[in-house]
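This is the structure I have questions about; it appears just below.
The values are calculated or read from the model by the stated rules, or taken from the named source; none is laboratory data. What you see is a predicted model; the values in this text were computed from it and never measured. All Cβ positions, even for glycine, are placed from backbone atoms using ideal geometry, and neighbour counts span all protein chains on display. Side chains included, ligands, DNA and RNA excluded: accessible areas come from the protein's heavy atoms. Shrake-Rupley method; radii C 1.70, N 1.55, O 1.52, S 1.80 Å.
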Amino acid sequence: MGKKIATVITDLFEDVEFTSPKKALEEAGHELVTVGNKQGDTVTGKSEDTNVTIDKGIDDVKPEDFDALFIPGGFSPDILRADDRFVAFAKHFMDEKKPVMAICHGPQLLINAKTLDGRGATGFKSIQVDLVNAGAKFKDEEVVVCQNQLVTSRTPDDLPAFNRESVKVLG
């Protein structure tokens, strides 16, 4: 049975780090719902090749309505982590041990949610020190799966492994 996955996203996301996992997850039978500042807004990726219409505003959703969380990389997670609503939303999934998939800069949202202490994780090179300072057990690997719940990867080059393990964790 397919899972309902909240995808938190705003402008300047890394295009392929949204489009590639979206395709893989949908092909596996899952439903992705984009969650942004306001329903109906259009957000644009870093390369400006990808425009995404926001399905639901953050004020219109509850984390309990979703089975999993997906955080694409790029500058989007850094922007979102400045908003306490998105931080609290992400924290729920980690606290409830629901599947969370975060690539590249995606773990920045989890750092602000203070949910990585003692957890295995990876991320883009520029956030490695942040991950360690947040208490994560950093691994410089293409994909790190922690407790069959948290899936993290470093860069677009890691997408095949990230997509494979994300689908596996969702069952």
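Given the conditions (1) open to solvent by less than 20 Å² (accessible area, probe 1.4 Å); (2) not in a helix (DSSP H, G or I), report the number of the one that Ala82 does not fulfil.
Unmet for Ala82, out of (1) open to solvent by less than 20 Å² (accessible area, probe 1.4 Å); (2) not in a helix (DSSP H, G or I): (1).
Return the pairs, sorted by first residue and then second, in which the second residue is assigned to a helix (DSSP H, G or I) and among the basic types (Lys, Arg), the first residue lies in the stretch 157-171 and is open to solvent by 10 Å² or more (accessible area, probe 1.4 Å), the beta carbons are less than 9 Å apart, and the residues are 6+ apart or on different chains.
What qualifies is Asn163/Lys23.
Would a scan of the stretch 109-124 turn up a residue that is in contact (Cβ under 8 Å) with a residue 60 or more places away in the chain and either among the β-branched types (Val, Ile, Thr) or touching a Leu at 6+ places or on another chain (Cβ under 9 Å) (or both)? Spell out the reasoning first.
Step one: list which residues in the stretch 109-124 are in contact (Cβ under 8 Å) with a residue 60 or more places away in the chain, which gives 109.
Restricting the remaining residues to those that are either among the β-branched types (Val, Ile, Thr) or touching a Leu at 6+ places or on another chain (Cβ under 9 Å) (or both) gives 109.
Within the stretch 109-124, one or more residues are in contact (Cβ under 8 Å) with a residue 60 or more places away in the chain and either among the β-branched types (Val, Ile, Thr) or touching a Leu at 6+ places or on another chain (Cβ under 9 Å) (or both).
Also, quick follow-up: Hey, could you check the stretch 1-50 for residues that are polar (S, T, N, Q) and in a strand (DSSP E or B) and say which is surrounded by the most Cβ atoms within 10 Å (Cβ to Cβ)?
Thr7
Being assigned to a loop (DSSP other than H, G, I, E, B), touching a helix residue (DSSP H, G or I) at 6+ places or on another chain (Cβ under 7 Å) and either under 20 Å from His30 (Cβ atoms) or of a type outside the set (Val, Ile, Thr) (or both) is the filter here, so list the residues in the stretch 100-121 that pass it. Don't jump to the end; show me each part of the working.
To start, the set of residues in the stretch 100-121 that are assigned to a loop (DSSP other than H, G, I, E, B) comprises 104-106, 113-119.
Still in the running and touching a helix residue (DSSP H, G or I) at 6+ places or on another chain (Cβ under 7 Å): 104-106, 113, 115-116.
Result: Cys104, His105, Gly106, Ala113, Leu116.
Starting from residues that are under 16 Å from Phe13 (Cα atoms), in contact with a Pro (Cβ under 6 Å, 6 or more places away or on another chain) and of a type outside the set (S, T, N, Q), keep the ones in the stretch 85-118 and report whichever is most open to solvent (accessible area, probe 1.4 Å).
So the residue we want is His105.
Any idea how many residues of the stretch 125-134 are of a type in the set (S, T, N, Q) and either free of Cβ contacts under 8 Å to residues at least 12 places away in the same chain or exposed (fewer than 13 other Cβ atoms within 10 Å of the Cβ) (or both)?
So in the stretch 125-134, the residues of a type in the set (S, T, N, Q) come out as 126, 128, 133.
Adding the requirement that they be either free of Cβ contacts under 8 Å to residues at least 12 places away in the same chain or exposed (fewer than 13 other Cβ atoms within 10 Å of the Cβ) (or both) leaves 126, 133.
Matching residues across the stretch 125-134 total 2.
Please find, among Val16, Val52, Val43, Val61, the residue that is under 15 Å from the mean Cα position of the chain (by Cα) and among the aliphatic types (A, V, I, L, M). Lay out the reasoning, then the answer.
Values: Val52 fails: under 15 Å from the mean Cα position of the chain (by Cα); Val43 fails: under 15 Å from the mean Cα position of the chain (by Cα); Val61 fails: under 15 Å from the mean Cα position of the chain (by Cα).
Only one candidate qualifies: Val16.
Being exposed (fewer than 15 other Cβ atoms within 10 Å of the Cβ), over 17 Å from Glu165 (Cα atoms) and in contact (Cβ under 8 Å) with a residue 40 or more places away in the chain is the requirement here; does Asp65 meet it? Give the derivation first.
Values: exposed (fewer than 15 other Cβ atoms within 10 Å of the Cβ): yes; over 17 Å from Glu165 (Cα atoms): yes; in contact (Cβ under 8 Å) with a residue 40 or more places away in the chain: yes.
Here the answer is yes, as Asp65 does meet what is asked.
Of everything in the stretch 122-169 that's part of a loop (DSSP other than H, G, I, E, B) and of a type in the set (Asp, Glu), which residue is nearest to Lys22 (Cα to Cα)? Please lay out each step first, then the result.
Filtering the stretch 122-169 down to residues part of a loop (DSSP other than H, G, I, E, B) leaves 122-124, 134-136, 139-143, 147-149, 154-155.
If we keep only those that are of a type in the set (Asp, Glu) too, we end up with 140-142.
Values: Asp140: 24, Glu141: 22, Glu142: 18 Å.
Across the stretch 122-169, the extreme among qualifying residues is Glu142.
Turning to a different aspect of this structure: Might you let me know whether the stretch 105-126 holds any residue that is more than 14 Å from the chain's Cα centre (by Cα) and within 30 Å of Glu48 (Cβ to Cβ)? Outline the logic, then answer.
Step one: filter the stretch 105-126 for residues more than 14 Å from the chain's Cα centre (by Cα), giving 114, 117-120, 125-126.
Cutting the leftovers down to within 30 Å of Glu48 (Cβ to Cβ) gives us 125-126.
Yes, the stretch 105-126 contains at least one residue that is more than 14 Å from the chain's Cα centre (by Cα) and within 30 Å of Glu48 (Cβ to Cβ).
When residues of the stretch 135-156 are filtered for being open to solvent by less than 40 Å² (accessible area, probe 1.4 Å) and touching a residue at least 24 places away in the same chain (Cβ under 8 Å), how many remain?
Here is the first cut: in the stretch 135-156, the residues open to solvent by less than 40 Å² (accessible area, probe 1.4 Å) are 135-136, 143-144, 146, 149-153, 155.
Narrowing further to those that are touching a residue at least 24 places away in the same chain (Cβ under 8 Å): 136, 144, 146, 149-153, 155.
Looking only at that region, the number is 9.
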